[in-house]
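Asks: Pasting a structure here, questions to come.
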Amino acid sequence: MPVSNFSSDTQLTSLKQPAINTLTQVQPHGVLLVINESDLSILQVSRNTRDAFGLSPEEVLGKTLDDLLDSYQVDQFRDGLGHDNLDVMNPTKIWVRRRGDDYGVYDAIFHRNQAGFLIMELEPALNHDNIPFLSFYHLARASIGQLEAGSAGLQDFCRIIVHQVRQVTGFDRVMLYKFDDDGHGEVLAEEKLADMESYLGLHFPESDVPQPARKMFLSNWIRVIPDATAEPVDLVPAINPVTHQPTDLVMSILRQPYHCHIEYLNHMAVESSLTISLMKDQKLWGLIACHHKTPKYVPYELRKACEFLGRVIFAEISTLEEEADQSYRLKLAAVQSALVDQMAREDYFIDGLVRHDPNLLDLVGAKGAAICFGGQWTTLGHTPPEEELNYLVQWLGKSVEDDIFVTDALPLDYVEAQRFKDVASGLMAIPISKRSYVLWFRPEVIQTVNWGGNPNEAYTLMDEGENPWLCPRQSFELWKETVSLRSLPWQSVEVRAALELRKAIVNIVLRQAEELALLANDLERSNAELKKFAYVASHDLQEPLNQVANFVQLLEMRYDTKLDEDGKEFIGFAVEGVSLMQTLIDDVLAYSKVDLQGIEWQLTSVQGALDQALGNLRGRIAETGAEITVDTLPTIVADGTQLMQLFQNLVGNAIKFRKPNEAPHIHIGVQRQEEHWLFSVADNGIGFDPQFADRIFVIFQRLHTRDEYHGSGMGLAICKKIVECHRGRIWVEAAPDQGATFYFTIPVEGRDRNHGNGRKAQNYLFSRG
């Protein structure tokens, strides 16, 4: 009876993929002998030896071939056994005397199993003469001639193969079955009796030809079952007396099929079958499957003729596919060469991939592509939104370790991809570095697959006490399945092209990195000289400026009574100019001191740095009545002095650009994000037009005259340099009369200690006086 629940997954797997080498029963139409090759003594025989030799198994065991056959035939065997490849002997016609003048003619087929034993199999010889080789040749030549007569495609080749095989063998139905990349199979060609159910165009699940059977088909190219209803016979003895293990009969032509396969044929309403392997590149490409409604025996030589025919015509199929692959391969090679040349000519290699024809899409036939490099995205064609791309790359970084990731069903691997399945159900991704990727996308293609029976019910688990077994489905009627969340599959030639491009990109990036390193060294040397010049020049300028200030002030004190109002005003202008010059020199000095090498990285309390900055601004805070609120701030890895300068400049700016007759309200906020801290300094000041959001960070740039607001135009430039030296970035959001909010980021380091979660914790309120 059927079993709904099965406790052991391991046992279920073993039933779905049985070990063929443990099957030791024999089909009854022939006789099998297991022989010790050294002396040709018989170790095991099938129980039906009386049919061939007129002797019981017990009478045959222990004898040698010399005892059963005439010496001339045995000497022929010994000569043939001297070859490593025993196919040269197969088949050998032998005459076996049973009783008196009664004798039988058999085809003897030899092979050596994995353990080194000689296996001799006897099949009744329907023809006493060998089929001449020229018959094979003319048969194949006629088929090739049909193909050469017109422009043949894959379907034509397959159709001619099944026609010729059926014509030669007389089977009721002959099919050509091709395996898909996912292990399932499809019937590409079929010729049959009119009253038989057609399987043309139907798919069959992977479990119909389990992995052990496929492995067997790789080495045993022909498999025949003359009568699926016949009762098998046992080996005598059941266990090999030398190895004390079951004898390996994987390569045997008489070996009894697995019980599930016999049931499979029974449900197809056929009683005999012939299967021929089709190989390509040492892999199982497909099968020629022949079915007959009644028992049918096919002689060994005729089976070999069909195999020969299949090989010859299938060689033409392989050539046809290889020519198509080669044509596409050459096209992609030309695209790849052009892309490499374009990358080499561009200063930024990504421009070479996206701004010319051909572009990145042409390399693999994709509908969309995206490049993540240096934290920035460059997209081409139809792609998911940038936010989705960021999440996808994070998933790839955690899930993929190979040089390439390829799938035509991304939503099945990465569930979030269902949100953008219409543009990216297929993905091919190559990593350039740990966080840099090139991605290609293909959209969802909804298909209807015609199955031979429901693939989800390919078998039923039957229970017979301690010996459960699998029963294949009983119906092979058309069962349609709508397949979604899949794209067109990526071809192997496209995968190879992507891998080659990856090598080229890595080489170009490394070369550009070397060039940038040389340039960085030059810039570093230049910057060091400029910094030294600025420092020396500033110091040298301080002394004469001080002299000018001192003498002007002395002049004002000594001759105050002799100066009219204009004179006093001119002296005021001179003092003010000197003061401004000294401020500029101080700011230039401060700017030149900010660099990456000068940063003292250490655990720094952001609250402590802010307190120092507010202490320095205490007078201006008290004068303006500024109210400052602060979130709970973390401890981070940073330079405390520079962090203090950063807050001092930003808070000072907020106080400076306050609205008239309105006290400044300033809030310092913080948020913990995945890879960095996000700080903000928001105010209720005069704000500014957003079009100037980038300009205000440029050195010496101002939005107001010095008469309106004093300052050198260096404060925000210093802030930008401090943040960038901490590997972060700074920006501002503002609007006229609506205040401004400055944001900056500091990367999260492994040593950071978060002592806060962003809730408002402190309030600074300084009243006037």
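The values are calculated or read from the model by the stated rules, or taken from the named source; none is laboratory data. Note that the structure is predicted; figures quoted are calculated from it, not measured. In this analysis, Cβ positions are derived from the backbone assuming ideal geometry, glycine residues included, and neighbour counts consider all displayed protein chains. What goes into the accessible areas is simple: the full protein's heavy atoms, side chains included, and nothing from ligands, DNA or RNA. Shrake-Rupley method; radii C 1.70, N 1.55, O 1.52, S 1.80 Å.
Asks: Checking Ile746 against (1) modelled with pLDDT of 50 or more; (2) in contact with a helix residue (DSSP H, G or I) (Cβ under 7 Å, 6 or more places away or on another chain): exactly one of these is not met. Which one?
Replies: With (1) modelled with pLDDT of 50 or more; (2) in contact with a helix residue (DSSP H, G or I) (Cβ under 7 Å, 6 or more places away or on another chain) applied to Ile746, the lone miss is (2).
Asks: If you don't mind, another one. For region 633-659, enumerate the residues that are in contact with a Phe, Trp or Tyr (Cβ under 9 Å, 6 or more places away or on another chain) and touching a residue at least 60 places away in the same chain (Cβ under 8 Å).
Replies: Leu633, Pro634, Ile636, Val637, Ala638, Asp639, Leu646, Leu650, Asn653, Ala654, Phe657 - these are the residues of region 633-659 that are in contact with a Phe, Trp or Tyr (Cβ under 9 Å, 6 or more places away or on another chain) and touching a residue at least 60 places away in the same chain (Cβ under 8 Å).
Asks: Look through Ile722, Ile730, Ile718 and report the one residue that is at pLDDT below 85 and under 47 Å from the mean Cα position of the chain (by Cα).
Replies: On inspection, the qualifying residue turns out to be Ile718.
Asks: Only residues that are open to solvent by less than 60 Å² (accessible area, probe 1.4 Å) and touching a residue at least 60 places away in the same chain (Cβ under 8 Å): list them for region 56-65, please.
Replies: Residues satisfying the conditions are Pro57, Leu61.
Asks: While we're looking at this one, here's another question. Looking only at strands (runs of 3 or more DSSP E) that fall completely inside region 410-461, which ones have 3 or more residues that are open to solvent by 20 Å² or more (accessible area, probe 1.4 Å) and at pLDDT below 90? First the steps, then the outcome.
Replies: Working: elements: 426-431, 437-442, 447-452.
Where strands (runs of 3 or more DSSP E) fall fully within region 410-461 and carry at least 3 residues being open to solvent by 20 Å² or more (accessible area, probe 1.4 Å) and at pLDDT below 90, they are 447-452.
Asks: Taking the condition of being without any contact (Cβ under 8 Å) to a residue 60 or more places away in the chain, in contact with a Gly (Cβ under 8 Å, 6 or more places away or on another chain) and open to solvent by 40 Å² or more (accessible area, probe 1.4 Å), how many residues in region 357-393 meet it?
Replies: Qualifying residue count for the region: 1.
Asks: Ok, one more. Taking the stated definitions as given, is Val209 touching a residue at least 40 places away in the same chain (Cβ under 8 Å), surrounded by 21 or more Cβ atoms within 10 Å (Cβ to Cβ) and under 33 Å from the mean Cα position of the chain (by Cα)? Give the steps one after another, and end with the answer.
Replies: Numbers: touching a residue at least 40 places away in the same chain (Cβ under 8 Å): yes; surrounded by 21 or more Cβ atoms within 10 Å (Cβ to Cβ): yes; under 33 Å from the mean Cα position of the chain (by Cα): yes.
Answer is yes for this residue.
Asks: Yes or no: Lys296 over 26 Å from Phe441 (Cα atoms), in a helix (DSSP H, G or I) and either in contact (Cβ under 8 Å) with a residue 60 or more places away in the chain or out of contact with any Cys (no Cβ under 8 Å at 6 or more places or on another chain) (or both)?
Replies: Here the answer is no, as Lys296 does not meet what is asked.
Results for (1) of a type in the set (Lys, Arg); (2) without any contact (Cβ under 8 Å) to a residue 40 or more places away in the chain; (3) open to solvent by less than 30 Å² (accessible area, probe 1.4 Å), shown as yes or no for each residue.
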{"residue": "Thr49", "(1), (2), (3)": "no, yes, yes"}
{"residue": "Gly54", "(1), (2), (3)": "no, no, yes"}
{"residue": "Asp67", "(1), (2), (3)": "no, yes, no"}
{"residue": "Asp70", "(1), (2), (3)": "no, yes, no"}
{"residue": "Gln73", "(1), (2), (3)": "no, yes, yes"}
{"residue": "Gly82", "(1), (2), (3)": "no, yes, no"}
{"residue": "Leu86", "(1), (2), (3)": "no, yes, yes"}
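Asks: How many residues, within region 222-238, are within 13 Å of Leu61 (Cβ to Cβ) and not in a loop (DSSP other than H, G, I, E, B)?
Replies: Total satisfying the criteria: 2.
Asks: If you don't mind, there's one more thing I want to ask. Can you name the residue in region 254-280 that is assigned to a loop (DSSP other than H, G, I, E, B) and more than 15 Å from Lys296 (Cβ to Cβ) and is also nearest to the chain's Cα centre (by Cα) among such residues?
Replies: Result: Tyr258.
Asks: Given the condition at pLDDT below 85, open to solvent by less than 30 Å² (accessible area, probe 1.4 Å) and either of a type in the set (D, E, K, R) or out of contact with any His (no Cβ under 8 Å at 6 or more places or on another chain) (or both), answer yes or no: does some residue in region 231-245 qualify?
Replies: Step one: filter region 231-245 for residues at pLDDT below 85, giving none.
No: region 231-245 contains no residue that is at pLDDT below 85, open to solvent by less than 30 Å² (accessible area, probe 1.4 Å) and either of a type in the set (D, E, K, R) or out of contact with any His (no Cβ under 8 Å at 6 or more places or on another chain) (or both).
Asks: So, one more: Condition test on Arg502, is it at pLDDT 65 or above, in contact with a strand residue (DSSP E or B) (Cβ under 8 Å, 6 or more places away or on another chain) and open to solvent by less than 60 Å² (accessible area, probe 1.4 Å)?
Replies: yes
Asks: Also: Report the residue count in region 171-195 for those that are at pLDDT 90 or above and part of a loop (DSSP other than H, G, I, E, B).
Replies: 5
Asks: If Arg98 satisfies every condition in (1) over 55 Å from the mean Cα position of the chain (by Cα); (2) open to solvent by less than 70 Å² (accessible area, probe 1.4 Å); (3) at pLDDT 85 or above but one, which is the exception?
Replies: (3) is the only condition that Arg98 fails.
Asks: Residues being in contact with a Pro (Cβ under 8 Å, 6 or more places away or on another chain) and not aliphatic (A, V, I, L, M): count how many of those fall in region 226-260.
Replies: 9
Asks: Also, quick follow-up: In region 659-688, how many are closer than 11 Å to Ala740 by Cβ and either assigned to a helix (DSSP H, G or I) or of a type outside the set (S, T, N, Q) (or both)?
Replies: Final tally of qualifying residues: 8.
Asks: With respect to Tyr328, determine if the residue is out of contact with any helix residue (DSSP H, G or I) (no Cβ under 7 Å at 6 or more places or on another chain), open to solvent by 30 Å² or more (accessible area, probe 1.4 Å) and either farther than 17 Å from Val495 by Cβ or in contact (Cβ under 8 Å) with a residue 60 or more places away in the chain (or both).
Replies: Spelling it out, it is not the case that Tyr328 is out of contact with any helix residue (DSSP H, G or I) (no Cβ under 7 Å at 6 or more places or on another chain), open to solvent by 30 Å² or more (accessible area, probe 1.4 Å) and either farther than 17 Å from Val495 by Cβ or in contact (Cβ under 8 Å) with a residue 60 or more places away in the chain (or both).
Residues are listed down the side, and each one gets a yes or a no for (1) surrounded by fewer than 17 Cβ atoms within 10 Å (Cβ to Cβ); (2) at pLDDT 85 or above; (3) under 60 Å from the mean Cα position of the chain (by Cα):
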{"residue": "Val548", "(1), (2), (3)": "yes, no, no"}
{"residue": "Leu563", "(1), (2), (3)": "yes, no, no"}
{"residue": "Gly572", "(1), (2), (3)": "yes, no, no"}
{"residue": "Glu576", "(1), (2), (3)": "yes, no, no"}
{"residue": "Thr583", "(1), (2), (3)": "yes, no, yes"}
{"residue": "Gly598", "(1), (2), (3)": "yes, no, yes"}
{"residue": "Ala638", "(1), (2), (3)": "no, yes, yes"}
{"residue": "Gln648", "(1), (2), (3)": "no, yes, yes"}
